[in-house]
Amino acid sequence: MKNIKIIKELEKYPVFSLKIVKEIIKKDNNYTKLVMYRLKKEGFIFEIEKNKYTINRDTMTIASNIIWPSYISCWSALQYHNLTEQLPQIIDVITTRSRKKRYINFNNTKIRFIKTKPENFFGYKKEKYGNFNIFIAEKEKALIDAALFKKVSFLEICEMIKKDMDDISINLLVNYLIKIKNKALIKRFGFLFDKLNIDVPKLEKFIDFKYILLDYNFKTKGRKNRKWRIIENVEL
């Protein structure tokens with residue numbers, strides 16, 4: 001089979017393996033490896049990692065299709081939902097699976113894999129992106145993930161919520177926080193909701209006696225909020 005026909009078939013896949021190429025050209029493993037070596041050398045296909053290849057150069061598409069199950073979250077999802085204009089330097093992929101390599105560099109972009117508990121793997125959707133589908137966090141879950149995994153400062157998360165109050169579902173945010181049951185997360189968001197004059201009594205039962213920093217990115221001291229057991233180390 002000529003290269004042009006192989007490439008035409010491979011265009012259907014965001015990410016493909018030796019097995020897929022083998023099925024296309026109907027040859028044995030050794031011959032398939034030789035074909036793939038030539039295609040890679042001539043710049044028709046690109047290696048992402050061991051036995052994962054693509055002809056696509058879009059990193060978001062690649063990131064969402066490397067491992068299953070997974071979804072894109074944190075900075076990339078926040079930027080996708082127009083909650084920030086800042087271009088992410090790293091694409092964060094949330095997955096329930098373990099990987100030996102936590103990072104992949106592809107097309108001058110770093111892809112980072114974050115393992116989460118199965119019970120926290122929710123709040124994402126399938127979106128049409130270019131010629132393929134990607135799985136990406138809902139804006140509310142992206143905000144929570146960014147705080148849960150400490151990939152965005154809580155001060156910046158607060159600014160995003162304050163700026164886009166009309167487009168963010170506070171009710172969904174609260175329900176997701178209760179579902180995750182992370183006390184530190186709940187106390188931080190509860191404190192923010194109080195500042196925004198939003199009543200969230202459902203969160204108050206999760207407050208314990210331990211004081212935590214409002215923003216985990218800053219180690220400065222601050223006054224103590226007794227209700228939410230928060231040390232106000234940044235000004236909202």
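None of the figures in this text is laboratory data; all of them are computed from the coordinates on show. Predicted model only: the values in this text are computed from it and were never measured. Backbone-built Cβ (ideal geometry, glycine too); neighbour counts: all protein chains shown.
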### Query
P(r) tail for the chain, what percent of Cα pairs lie past 27 Å?
44 percent
### Query
For region 20-105, what is the per residue volume of the convex hull drawn over the alpha-carbon atoms, in cubic angstrom?
123 Å³
#### Entry: Förster radius 30 Å - calculated FRET efficiency between Glu49 and Glu119 (Cβ-Cβ, nearest 0.05)
0.60
## Note on the structure
Between Tyr37 and Lys101, Cβ-based FRET efficiency (R0 25 Å, step 0.05) works out to 0.70
#### Entry: 10 Å binning of all Cα-Cα separations within region 3-55, expressed as whole percents from 0 upward
26, 68, 6
### Message
Step by step: find N for region 129-236, compute 2.2 N^0.38 Å, then divide the Cα radius of gyration by it. What's the final number?
### Response
1.10
### Message
For a 27 Å ceiling on Cα separation, which of these pairs sit above it: Lys2/Lys50; Lys40/Lys126; Lys162/Lys187; Lys40/Lys150; Lys2/Lys52; Lys5/Lys126?
### Response
Lys40/Lys126; Lys40/Lys150; Lys5/Lys126
### Query
Angle, helix 29-41 long axis vs. longest principal axis of the chain, Cα atoms, 0 to 90°, nearest 10?
70 degrees
### Tilt relative to the chain, helix 183-195 - C-alpha long axis, 0 to 90 degrees, to 10
60 degrees
### Task
Quote the charge dipole size of the chain about the Cα centre in Debye, to the nearest 20; the model charges only the Cβ of Lys and Arg (+1) and of Asp and Glu (-1).
1220 debye
### Summary
Per the charge dipole of the chain (beta-carbon charges, Lys/Arg positive, Asp/Glu negative, Cα centre), the residue among Leu155, Ile136, Ile45 reaching farthest to the positive end is Ile45
#### Entry: Gap separating the Cα centres of region 112-176 and region 5-26, nearest whole Å
33 Å
### Query
Using 1/(1 + (r/R0)^6) with R0 = 35 angstrom and r between the beta carbons of Ile20 and Lys195, what's the FRET efficiency to the nearest 0.05?
0.10
### Message
Run the reach check for Lys219 against aspartates and glutamates, Cα to Cα strictly under 15 Å, same-chain hits fewer than 8 apart removed. What comes back?
### Response
Glu232, Glu235
### Query
Based only on the alpha carbon positions, what is the Kirkwood hydrodynamic radius of region 57-143, in angstrom?
12.9 Å
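Treating the beta-carbon of each Lys and Arg as +1 and of each Asp and Glu as -1, no other charges, what is the dipole magnitude of region 3-55 about its Cα centre, to the nearest 20 debye? Don't skip to the end; give the middle numbers.
Working: 13 positive and 7 negative charges, 29 e Å.
Once rounded to the nearest 20, the dipole reads 140 debye.
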### DSSP loop GluC sites (Glu not before Pro) with at most 16 other Cβ within 10 Å excluded, longest remaining stretch of the chain
86-234
### Message
Using Cβ counts within 10 Å as a stand-in for footprinting exposure, how do Ser17, Ser76, Ser98 rank, fewest first?
### Response
Ser98, Ser17, Ser76
### Summary
The answer for Asn65, listing residues at least 5 apart or on another chain whose modeled amide H is closer than 5 Å to its amide H, is none
### Task
Please get the size of the charge dipole for region 57-143, origin at its Cα centre, with Cβ charges of +1 on Lys and Arg and -1 on Asp and Glu, quoted in debye to the nearest 20.
480 debye
